[in-house]
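Here is the structure we will look at, set down as structure tokens.
The values are calculated or read from the model by the stated rules, or taken from the named source; none is laboratory data. Just so it is clear, the structure is predicted and the values come from calculations on it, not from any experiment. Glycine gets a Cβ as well: all are built from the backbone with ideal geometry, and neighbour counts include every protein chain shown. With ligands, DNA and RNA removed, areas are computed over all heavy atoms of the protein, side chains included. Shrake-Rupley method; radii C 1.70, N 1.55, O 1.52, S 1.80 Å.
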Amino acid sequence: MAKGMRVRAWVVSGVCAGAAMVPGTGTAAPAPEADLAYHGTAVMTGDQVEVRLTPRNDGAVAIADATVRLRWPVALAERQRLPGRCAREDERTVLCGTGALAVGAAGEQLRVPVRLREPAPELTLELETAWSGDVVDKDRTNDQLKVLVLATGDAYAF
């Protein structure tokens with residue numbers, strides 16, 4: 001009787017070990033997918049640049065909040081009057097929260113005025129999603145943008 005118990009114990013252990021080693025038996029839940037996009041304008045006059053952008057989520061899940069990064073190729077002035085949901089990341093970069101974004105809907109427009117340390121005749125503004133919570137965005141073509149802005153006072157759309 002003791003011999004039979006040992007065999008059963010070995011068989012159970014062997015079955016458990018075999019199940020644990022079979023590849024592909026466990027699957028993780030896929031990460032929720034969003035599709036963030038940014039549309040807006042940038043205007044530069046002298047050392048002043050004003051960016052107006054509207055975030056949009058064309059993905060399958062709502063987003064509680066996301067962060068957009070705005071990066072200039074030149075240093076910004078030390079003192080800035082940024083909107084409440086924006087903060088400096090470094091001397092050339094500002095981060096702004098988008099707020100909640102429903103599925104298939106545009107969010108609230110962000111108005112981000114900045115001053116450059118020195119006036120520039122032109123610059124290339126870079127915008128990208130810095131953070132989007134627990135969601136994945138596989139289409140980065142519409143949330144990683146470069147916008148050429150001339151110091152003409154004209155609005156350059158993206």
Query raised in the report: Out of all the residues in region 6-18, is one or more of a type in the set (V, I, T) and at pLDDT 95 or above?
Result: no
Report task. Determine whether region 31-38 contains at least one residue that is open to solvent by 50 Å² or more (accessible area, probe 1.4 Å), modelled with pLDDT under 95 and part of a helix (DSSP H, G or I). Result -> no
**Report entry** Candidates R69, R79, filtered to the one that is under 19 Å from the mean Cα position of the chain (by Cα) and basic (K, R)
**Finding:** R69
Report task. Say whether the condition of being in contact (Cβ under 8 Å) with a residue 60 or more places away in the chain, at negative phi and out of contact with any Lys or Arg (no Cβ under 8 Å at 6 or more places or on another chain) is met by at least one residue in region 99-113. Result -> no
Query - Enumeration of residues in region 59-78 that are in contact (Cβ under 8 Å) with a residue 60 or more places away in the chain and part of a loop (DSSP other than H, G, I, E, B) - result: G59, V61, A64, D65, A66
